[in-house]
1. At what distance in nm do the modelled label points of Asn178 and Asn76 sit from each other, each positioned 7 Å from its Cα along Cα→Cβ?
2. Please quote Rg/Rh for region 203-294 to two decimal places, taking the Kirkwood radius as Rh and restricting both calculations to Cα atoms.
3. With a/c under 1.5 counting as rounded, go ahead and sort region 107-147 into rounded, prolate or oblate using the C-alpha gyration tensor (a ≥ b ≥ c being the square roots of the eigenvalues; past the cut-off, prolate if a/b is larger than b/c, else oblate).
4. Can you flag which of Lys89/Lys125; Lys65/Lys209; Lys125/Lys209; Lys209/Lys290 are past 29 Å Cα-Cα?
5. Determine, for each peptide in 70-82, 129-141, 294-306, the mean count of other beta carbons within 10 angstrom over its residues, then list the peptides with the highest first.
6. Once Rh is set to the Kirkwood radius over Cα pairs, what Stokes-Einstein translational diffusion coefficient, in µm²/s, holds for region 202-360 at a temperature of 20 °C and a viscosity of 1.002 mPa s?
7. On a C-alpha basis, how far is the centre of region 88-131 from the centre of region 185-240 in Å? Whole number, if you could?
8. Under 13 Å from the Cβ of Ser77, count the other residues' Cβ atoms, weight Lys and Arg +1, Asp and Glu -1, and hand me the total.
Amino acid sequence: MLFLLSSPVLFPLILHFLSLLPPTSARQDRSAPRDIHALSADHLRYLAEADPPEWEGTVEGHLGKLLIPRPVGSKNSTLVQNYISSVFKRLGWHEEQNPFKSETPIGELDFTNLIYTFDPDAPRKIIIAAHFDSKYFPDYPANQFIGATDSAAPCSFMLDLAEAMTPLLQSRRDRLRNGTGILRDGFDEEDAGETTLQLLFLDGEEAFKDWTNTDSIYGARHLAHKWSESFLPPTHPLSLSARRFDPTPSVLSTIDVLVLLDLLGHRSPRIHSYYRETDWLHGLMSSADKRLREAGLVEVESGEEGWFSENRYGPGMIGDDHVPFNQRGVSVLHVISNPFPNVWHSLGDDASALSVPAMNRWNKILRVFTAEYLGLAPESSASSGKRIPEDGEARRSADEL
Ligand SMILES: *[C@@H]1O[C@H](CO)[C@@H](O)[C@H](O)[C@H]1NC(C)=O
Ligand SMILES: *[C@@H]1O[C@H](CO)[C@@H](O)[C@H](O)[C@H]1NC(C)=O
C-alpha cells in the first residue's frame, strides 16, 4: 500500500520543511543537469528495434515468470529471485544479494534485495529500481494477488533494459580498455564511462497489514541504512575530490539518481514530476516518449498521447521505496502512475490489467532514457549487421529537448 500525501495544506509545509534542511553534498554535486547528447533519429530507431523484441502477449518472456503470487519469504518469491538472477548471470553483470530478517506484523520473515551492476568498479551510477514482492494477503482467494502493475511489469521492464543495454555497455568497456574511446564534439567517452547502470530489485515494499513507517518498504529501509554506513575507501575518486559537506562519502554518494518505477504497465498512466532537482530527468523521459511517438516507433493506443504531465510538483508526494534514500540526500525520479491503476491492490491487478502496447512503449522509453543519460550510442553495434551512421549527432542540453 502506498501512502498518498495530497493535501494542499500538507504539501507546502513539506516543501518548506525540506528547504530548511542543510543541503547534502550528494544533492549538491549531482543535482545539476548533465549534458545530454540526444540520440540521432537512426540511433533512436536502432534502440527501439534492438533485441529483445517487442512483446506480443503478457505471459511470454520475462513477464510470464514474474506474474505469480510472490509475497515476502514464499517459495514463489525464491523462484522469482532465481529467475531474475539467472538473467543477469547470463548477461555477465555483477550480482549482490542483500538478505536480511525483519519483524513484521505476521512474524519474522526473510527478505532479499537483489542488486545488479554492469561495472561495479565505476565511481558513479544511475539506479533504476522497482519492488519484486507482491502484497501479502492471508486468505484465499485474495492470497492469489499477482500485482501485475505492482510491480511485476516494472521488474520486467528492467530485465528488458538490461538485455538491451548490455551490448552497448560492453562495447563501451572494450573501447575504453583498448584506448579507442569516442572523443568528439564535447563528448568524452572516458568521462561518460565513469557512470554505470545499476538495477535494483527491492523486497518487501508492501505492508503486511496497514501502511505505516514500520510496516512498509522493508527492503528499501534496510538498504538505504546499510549503504549510508558503507563508507567509500580513501582511494575512491569521490573521497579524493573535495567534499566539504560530506567528509565521509558512503555508497549513497555514488548514486547520481534513483529512478523508481512503480504501478506501471496499464493503459494511460499519468506520470508527474515530484522533485525540482530531477525535473529535467522527467523532461528527458517525456522527450524520449515524444520522439519515439513522432518517429512512429511506438504504438499509441487510441486516446493516448503524452503520459507525462506538464504540472510540476503539484500532486503531492507519494510514500514509496525512494523515501529512505531521498531522506538521506539521494536524488529521486519517481515514475509512478498517479492516479493509481483502478485495480490497485485487488485481484484485478493481474495480466488482464496490462496493456501490451503500453509495456512495449515503456521498454523503449527506458532504453532511450538510459542510453542518453549514460551517453551510450549504439554505433559500436556494427557486429549485429546493422549499419549505424557515425556522424550527425546533435548536441543538445536537456533544456532544449
Ligand atoms: C505460486 O505460484 C503459482 C503459480 O505459478 C500459484 O498457483 C500458487 O498459488 C503460488 N503459491 C502461493 C503460495 O501463492
Ligand atoms: C576496441 O574495441 C572495440 C569495441 O569492441 C572494437 O570495435 C575495436 O576494434 C577495438 N580496437 C582495437 C584497436 O582493438
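1. 4.7
2. 1.07
3. prolate
4. Lys125/Lys209; Lys209/Lys290
5. Descending mean neighbour count gives 129-141, 70-82, 294-306.
6. Stokes-Einstein gives a translational diffusion coefficient of 120 µm²/s.
7. That distance is 9 Å.
8. -1
Values quoted throughout were computed directly from the atomic coordinates according to the rules given, and no laboratory measurement underlies them. None of the values given here were measured: they were computed from a predicted structure. For neighbour counting, all protein chains shown are included, and Cβ atoms are generated from backbone atoms with ideal geometry for every residue, glycine included.
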